[in-house]
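The next block holds one structure in the form of structure tokens; read it before the comments.
The values are calculated or read from the model by the stated rules, or taken from the named source; none is laboratory data. Computed from a predicted model, the values in this text were never measured in an experiment. Neighbour counts are summed over all protein chains in view; Cβ atoms, including those assigned to glycine, are modelled from backbone coordinates with ideal geometry. Note: areas computed on protein heavy atoms with side chains; ligands, DNA, RNA excluded. Shrake-Rupley method; radii C 1.70, N 1.55, O 1.52, S 1.80 Å.
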Amino acid sequence: MRQEWKYYLILGGAFLLLVLAEVLTPKPTDWTFSLHHKHKNPYGTFILFESMPYLFPEQSVSPVFRTLYELKERGYHKENILIFAAEFAPDQQDIESMWQMLDSGGYVFAAAREFGGKLADTLKLETDVNIKESIAEGVDSLKMQESLYYFSAYDTSQMEVLAENEAGNPVLLRYREGEGALLLSSVPQAYTNYFMLQDGLYQEVTQSLSYLPVREVLWNEYFHLGRMEPTTPLRFLLSVPALRWAVFLSVAGLLLFMLFESKRRQRAIPIVLPPANATLDFVQTVS
């Protein structure tokens, strides 16, 4: 039994060292182009999402992972819908739903590097790119090449230019439909954490969003991240780092417990009674 406790202590210490190493080890910078409203990595949108109450005071801001058709079917018509994606290419059903929303007074703001599908065909949208080399501060002077997209073609008879880049190329367009409007930006990275902290860019971002009326905001991440909804409790547990480690450690501990408990234990030593004194029993019986 003492030997088994020694194994338990060794394994427990090993797990403790593993957890400490995971917690104390500095995490490398994640440069994934996530655009997620909860991500604090350079290309997340945590800063902008937290700034929404100042940009749209007294209005609710709700993250959603739905198509435009689903939002219309749920009764949304006159809200601001924000979309940040690498590519925005809604299907025919979403396009029809979006036109209906705009006719009713809704506003859609979509920032993407590329636009495709029926939307690009209808508005004659094309984007091109300039490569700009910059220095990422605090990352050991890591040189990063930033792709700065702009609209190289668009329907000039239906769309107006609201903003241009340093080269004079349009990066923000507006298309009016009914009582609402569709705003398209070709620089979604401008709304991420890294660029929001750059001098002057925060003001440009807030200015671009000022074209939206002050009303309820639906932060729609479906077109970049998909539905992002846990379908099972286990998927939710594995999606949170702290809970994921708890699950892994629990499973590992259970397996180790089963391993040690399954070992063949020493057979119990039978109790040997002293031989009975038959002579004494005989004397007592005769007496």
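The calculated FRET efficiency for the pair Glu164 and Lys78, based on their C-beta separation and a Förster distance of 30 Å, comes to about 0.50. Here the label points at Thr206 and Leu225, each 7 Å from Cα along the C-beta direction, are separated by 2.5 nm in the simple model.
For the range 145-223, the solvent-accessible area with a 1.4 angstrom probe is 44 square angstrom per residue.
Projected onto their three principal axes, the Cα atoms of the range 49-108 cover extents of 34, 27, 16 Å, largest first. Spin-label pair Val129-Asp91: with each label point 7 Å from Cα along the Cα-Cβ axis, the two points sit 2.7 nm from one another.
Principal axis extents of the C-alpha atoms in the range 187-226 (largest first, rounded to whole Å): 31, 25, 13. Taken along the Cα-to-beta-carbon direction at a fixed 7 Å, the label points for Glu179 and Leu197 span 4.2 nm. Remark on Arg66: its backbone amide H falls under 5 Å from those of Glu221, Tyr222, a criterion applied only to residues 5 or more positions apart or on other chains, H modelled at 1.01 Å from N. Among 104-110, 171-177, 198-204, the peptide with the highest mean count of other Cβ atoms within 10 Å heads the list, and the full ranking is 104-110, 171-177, 198-204. The order of the peptides 86-98, 184-196, 156-168 by mean Cβ neighbours within 10 Å, most packed first, is 184-196, 86-98, 156-168.
Distance from the Cα centre of the range 54-95 to that of the range 163-188, in angstrom? So the separation of the two Cα centres works out to 17 Å.
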